[in-house]
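The values are calculated or read from the model by the stated rules, or taken from the named source; none is laboratory data. Predicted model, so just to flag it, every value in this text is computed and none were measured. Don't worry about glycine lacking a Cβ; one is built from the backbone with ideal geometry, like all the others, and counts go over all protein chains shown.
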Amino acid sequence: MPVSEENPNSPLEPAEGPAEHPDDPAAEGAAETPAETLTGNPAEKAAETRKSAARVPAAPPRILCVANQKGGVGKTTTAINLATALAAVGPRVLVIDLDPQGNASTGLGIPSAAREVGTYDVLLDGSAIDDAIMPTAVPNLSVMPATVHLLGAELELIDMERREFRLADALARHALGFDYILIDCPPALGLLTLNALVAADAVLVPLQCEFFALEGLSHLVKTIELIRAKFNPRLEIQGLVLTMYDKRNNLSDVVAADVRGYFGAKVYETVIPRNVRVSEAPSHGKPVLLYDLRCPGSQAYMSLASELLKREQTRAAA
Ligand SMILES: Nc1ncnc2c1ncn2[C@@H]1O[C@H](COP(=O)(O)OP(=O)(O)O)[C@@H](O)[C@H]1O
Ligand SMILES: [Mg+2]
């Protein structure tokens, strides 16, 4: 498969075929290549998604939250496309849209008019998670959409019981038929993001390759430490991912080197290139992997998924 034309010197490597989930009970059913999985009849895929979401795996899902209090760094893009790339190689994946803007829901093909029950209802009204989950056109991938009500949630949560634990409690209430849950956070460190961090096993931090990439990061790291000490001792940083890398801009290399110097091996080797196909895909209600599987952005997200699964395997074996 071609390495990025826009970014031939990047460490991008296309995924080498289906990566394995450590204890993925559906692994034997995952013989298709991502390309085969991502093409075909959407109705069949939706039915398959509903069917697979109903299967309950032996292990509880790994919950990863995509967080950075800065807006526009690639959180939603990463949540959507990493989830798609993971689902394409076997694991059953749920994206929880925790941003009132609802971009992850739209980008996964769920327009606001189609959303009835969503994250708000689960967090604030005690709705069952099953009632809020919708299938997407990607087999194995479901979404809990954000409805407009989520706009008021930050304020409404303040006076609620166990306000930091609402999402964690909801996720713990029932066995869920997913191997991975990815939470797309809003661009703030308010109660919504706090709920995500308290519910999560690990955080994935997208960093845009621009001058102020590291700005505010110490605050995020401190918040993660605080949450670990106070609410959620298992919380760890899964990794940092450099996004919107532009090989024509020297600054991208400077920033990438800076971030690697600071966070070392925590930074994924995969770098997500700036790629117009990635930014076009959401307006078609599709992950970029469905919109243009061969473009550099899709290849990069497949490579990121493969790296993430390797880290997960190493962690599980430790
Ligand atoms: N790799 C990329 N190449 C080109 N555009 C991108 C890329 N990643 C994200 N974008 C665009 O940048 C904007 C911000 O990305 P988004 O994922 O919404 O950030 P966040 O969720 O952190 O606010 C969006 O318009 C998105 O389409
Ligand atoms: Mg976003």
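Tabulated results
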{"read-out": "Residues of segment 268-314 satisfying the condition of being near ligand 1 (Cβ under 10 Å from one of its atoms) and touching a Phe, Trp or Tyr at 6+ places or on another chain (Cβ under 6 Å)", "value": "V271, P273, A281"}
{"read-out": "Among the residues listed as F165, F178, the single one being crowded, with 19+ Cβ neighbours inside 10 Å and more than 16 Å from ligand 1 (Cβ to nearest atom)", "value": "F178"}
{"read-out": "Strands (runs of 3 or more DSSP E) lying entirely in segment 134-221 (those with 1 or more residues that are in contact with a Lys or Arg (Cβ under 6 Å, 6 or more places away or on another chain))", "value": "180-184, 202-208"}
{"read-out": "Within segment 33-125, helices (runs of 4 or more DSSP H) holding 1 or more residues that are closer than 17 Å to L141 by Cα and modelled with pLDDT under 95", "value": "34-37, 42-54"}
{"read-out": "L98 being within 16 Å of ligand 1 (Cβ to nearest atom) and either surrounded by 16 or more Cβ atoms within 10 Å (Cβ to Cβ) or of a type in the set (A, V, I, L, M) (or both)", "value": "yes"}
{"read-out": "Residues that are within 16 Å of ligand 2 (Cβ to nearest atom) and under 21 Å from L157 (Cβ atoms), drawn from segment 105-144", "value": "S105, G118, T119, M144"}
{"read-out": "Subset of segment 126-136 [of a type in the set (G, A, S) and either touching a His at 6+ places or on another chain (Cβ under 7 Å) or modelled with pLDDT under 95 (or both)]", "value": "G126, S127, A128"}
{"read-out": "Failed item, numbered, when G71 is tested on (1) within 15 Å of ligand 1 (Cβ to nearest atom); (2) under 28 Å from D159 (Cβ atoms); (3) in contact with a strand residue (DSSP E or B) (Cβ under 9 Å, 6 or more places away or on another chain)", "value": "(3)"}
{"read-out": "Some residue of segment 259-270 being crowded, with 23+ Cβ neighbours inside 10 Å, under 29 Å from L108 (Cβ atoms) and at pLDDT 95 or above", "value": "yes"}
{"read-out": "Matching residues in segment 229-287 - criterion: being under 20 Å from the mean Cα position of the chain (by Cα), among the charged types (D, E, K, R) and over 18 Å from L82 (Cα atoms)", "value": "R234, E236"}
{"read-out": "Any hit, segment 251-263, residues being farther than 24 Å from K222 by Cα, assigned to a loop (DSSP other than H, G, I, E, B) and within 12 Å of ligand 1 (Cβ to nearest atom)", "value": "no"}
{"read-out": "Residue ID - nearest to ligand 2 (Cβ to nearest atom), chosen from residues in segment 85-104 that are out of contact with any strand residue (DSSP E or B) (no Cβ under 6 Å at 6 or more places or on another chain) and within 19 Å of Y291 (Cα to Cα)", "value": "N103"}
{"read-out": "Index of the failed condition, A137 passing every other in (1) out of contact with any strand residue (DSSP E or B) (no Cβ under 9 Å at 6 or more places or on another chain); (2) more than 29 Å from S306 (Cα to Cα)", "value": "(2)"}
